[in-house]
Amino acid sequence: MAQQQSLWSQSVEIPARERLEKDLHVEAAVIGAGMAGVLIADRLKARGIETVVLEANRIGSGQTRNTTAKITSQHDVLYDALIRKFGRDKARQYAQANEQAIRAYKELIGERGVKCDFCEGPAFLYSQAAAQPMRQEAEAAASLGIAAHFTSETELPFSVAGAVRFENQARFHPLKFLKAVSEGLDIYEHTPVASVDGNQIRTENATVTARHIIFAAHFPFVNVPGWYFMRMHQERSYVLALQCDWKPRGMYYGVDNDGLSFREAEGLLLMGGQNHRTGENSQGGCYQKLSDRARELFGDCREAARWSAQDCVTLDGVPYIGRFSASEPCWYVATGFGKWGMTSSMVAAMLIAGEITGEPPEWAEVFSPARFQLSAAAQSLATETVQTLKGRSRELFSIPQTTLDALPAGHGGIVEAKGRKAGVYKDETGQCHVVNPHCPHLGCQLEWNPDEKSWDCPCHGSRFSYDGALLDGPAQTDLEK
Ligand code: FES
């Protein structure tokens, strides 16, 4: 079986940094040393702003190491919907921001000579089911200034009804890039933030006082103000790195329900798919389904790596980047990047560094976290509310799925133990790992994810290992054992 670790993690080791042990006074403090946090800090430093970065774990240890690392302005079928829901001006802002972000990566990599396998090429959306939505999306994107057109010709090993081709897109090795860019920055690792109060950030051993505080740790862990947990959900998707003969020059993203994504990296084919809302994979089998599909398409191919990604999705599909909340004027946020974390990270860096230095980009408004377009968000808001109620009522009314004795080795589930519900994983040796299956964020009942041997929250997407260690927020603590 291939290692359950991303291809990127297998080839790059980023040098360790110290834990923060003393109080600091700085101009800006960034929470999170993933791609967004590092790029924001890099831009601020370049503009003369003294900045520190606080990372709960290691540099790039969150979603940056699990991306497929495409740098594109092509974000699923989006532009046609943006024009209808936001209007042409805002849709153009989104297009401009992302096209600028691609160029900003290219410039930074060129100026500093960063060796990160940066490679330009076209990106394609494709559908095997219907040509018309592809045609409309191509026309919408082109009308906003993107070099895009409709085609039915691709390199894919199957026929498509239609595709949208974007020119001048790019891909890279995210950890090679992150390692190089983070080198000159003041970053403290193993320094989780316990609380933020006005201009002060408290960690276990120190307090950081900063004029500007930027939340760039994937999902903001502060519930109020901001209310981001009510305005986003999280999704998971799965990737295989395959040794096979077919390697595309372009990058591909399938828009149908069972659509697959493809790109080449390090001589391997990356094939992704099997998206689902976090907390909704109780049957498992996502890796297996991807493997079966790979065999159908490419015959026997060796699997060099497999991994999964977790993405925050906003109500209207546009990230929240800018002021965190009207009541906290010195806080900024960068979140809700969907599957487009690399490009959105650069957008966040340009926007937040611009706002802090009094020169916001002309396209900033479309990303404003203060926006609420009822027409764009009503359906999603209703879905989020129902989902949270479902998660909460599952806690009260669902019956435990099995008993401890009946749970087979290598499986997990909710069982009844001593008159209470318990989350149990019985490992291959028969040893039981028991946790309280209620999410410490807001109390929803967790679901067992057999593909990752993790406890996942269907409400806002927090995740925990089989023995209760926190993997993904917004929860901030481990599960009770
Ligand atoms: Fe909010 Fe679990 S992540 S209740």
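The table that follows gives values for the structure above.
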{"read-out": "Carbon/sulfur fraction of accessible area - the chain, other protein chains in place, 1.4 Å, %", "value": "48 percent"}
{"read-out": "Ranked packing of 424-434, 333-343, 232-242, 259-269, most packed first, by mean Cβ within 10 Å", "value": "333-343, 232-242, 259-269, 424-434"}
{"read-out": "For Gly468, residues with placed amide H under 5 Å, excluding near neighbours", "value": "none"}
{"read-out": "Over the chain, relative contact order from alpha-carbon pairs under 8 Å, at least 6 apart, %", "value": "17 percent"}
{"read-out": "Estimated FRET transfer efficiency when R0 is 45 angstrom, pair His149-Ser327 (beta carbons, to 0.05)", "value": "0.45"}
{"read-out": "Solvent-accessible surface (1.4 angstrom probe) belonging to His75, in square angstrom, nearest 10", "value": "10 Å²"}
{"read-out": "Distant-in-sequence amide H partners of Thr207 (H built 1.01 Å from N, under 5 Å)", "value": "Asp23, Leu24"}
{"read-out": "Whole-angstrom gap from segment 325-353 to segment 237-261, using each part's C-alpha centre", "value": "28 Å"}
{"read-out": "Accessible area (Å², per residue) of the chain, counting only protein heavy atoms and a probe of 1.4 Å", "value": "41 Å²"}
{"read-out": "Segment 170-285 - percent relative contact order, Cα under 8 Å, separation 6 or more", "value": "17 percent"}
{"read-out": "Pairs beyond 27 Å (Cα-Cα), from Lys289/Lys426; Lys22/Lys115; Lys90/Lys179; Lys90/Lys176; Lys421/Lys453", "value": "Lys22/Lys115; Lys90/Lys179; Lys90/Lys176"}
{"read-out": "Relative contact order, percent, segment 290-337 [alpha-carbon distance under 8 Å, six or more residues apart]", "value": "30 percent"}
{"read-out": "Accessible-area value, Lys179, 1.4 Å probe, nucleic acids and ligands omitted, Å²", "value": "70 Å²"}
{"read-out": "Within segment 1-81, GluC sites (Glu not before Pro) in DSSP loop having at most 13 other beta-carbon neighbours inside 10 Å", "value": "Glu13, Glu18, Glu21"}
{"read-out": "For segment 185-198, Karplus couplings with θ = phi - 60° (6.51, -1.76, 1.60), whole Hz, Gly/Pro x", "value": "9, 7, 10, 10, 9, 6, 10, x, 7, 8, 7, 10, 9, x"}
{"read-out": "Karplus 3J(HN,Hα) series, Hz, for segment 146-152 with 6.51 cos²θ - 1.76 cosθ + 1.60 (x for Gly, Pro)", "value": "8, 6, 9, 8, 7, 8, 10"}
{"read-out": "Protection-proxy order for peptides 147-155, 245-253, each taking the mean of Cβ atoms within 10 Å per residue, highest first", "value": "245-253, 147-155"}
{"read-out": "DSSP bridge pairs, the chain: antiparallel proportion in percent, nearest 5", "value": "75 percent"}
{"read-out": "Cα gyration tensor, the chain - rounded (a/c under 1.5), prolate or oblate", "value": "rounded"}
{"read-out": "Quotient of C-alpha Rg and 2.2 N^0.38 Å, computed over segment 12-97", "value": "1.46"}
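The values are calculated or read from the model by the stated rules, or taken from the named source; none is laboratory data. On a predicted model such as this, the values are computed, not experimentally measured, just so you know. In this analysis, Cβ positions are derived from the backbone assuming ideal geometry, glycine residues included, and neighbour counts consider all displayed protein chains. Calculation scope for accessible area: heavy atoms of the full protein, side chains included, ligands and nucleic acids excluded. Shrake-Rupley method; radii C 1.70, N 1.55, O 1.52, S 1.80 Å.
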